[in-house]
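Any read-out appearing in this document is the output of simple, stated calculations on the displayed coordinates, not a laboratory observation. Quick caveat, the model's predicted, so the values are computed rather than measured. We place every Cβ from the backbone using ideal geometry, glycine too, and count neighbours over all the protein chains shown.
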C-alpha cells in the first residue's frame with residue numbers, strides 16, 4: 001500500500017518572487033550564452049549547477065527541476081526557458097495562505113451610530 005503524500009509547507013511570497021527572478025535571469029543569460037559556442041555551453045553548465053542548488057535550497061526538491069537541469073546540458077535545446085517553467089511548476093499552489101481572522105468572542109465593542117438627520 002502506498003502511503004499518502006506529505007503536504008508541502010507553503011512558501012513565503014519573498015521566496016517565490018526571488019525564485020521567479022532567479023529563473024528569469026538564468027534563462028535570459030543562457031539563451032545568448034548558448035549562441036556563443038562551447039564557451040557558452042560550459043558557462044551554462046556551471047550556471048545550471050548553481051541554479052539547481054539554489055532552487056533546491058529555496059523551494060525544496062521538486063521533480064520539475066530534474067528535467068530542467070538535464071535538458072539545459074544539451075546544446076541548443078536550452079533556448080526554451082526551462083528554469084522559468086520549472087519554477088512555475090514548483091511554486092504552483094504553494095503560496096502563503098491567508099492570515100486567520102482574530103477570534104471573536106466576549107463582549108461586543110461599544111459603537112455609537114451617529115445619524116446626521118437627528
Note to self: Would the stretch 13-91 count as rounded, prolate or oblate if I go by the C-alpha gyration tensor, calling it rounded below 1.5 in a/c and otherwise prolate when a/b exceeds b/c, oblate otherwise?
What the structure shows: prolate
Checklist line | Relative packing of peptides 42-50, 25-33, 82-90 - highest average C-beta neighbours within 10 Å first | finding: 82-90, 25-33, 42-50
Next item on the list: Let me have the relative contact order for the stretch 13-91, percent, based on Cα pairs under 8 Å that are six or more residues apart.
Entry: 42 percent
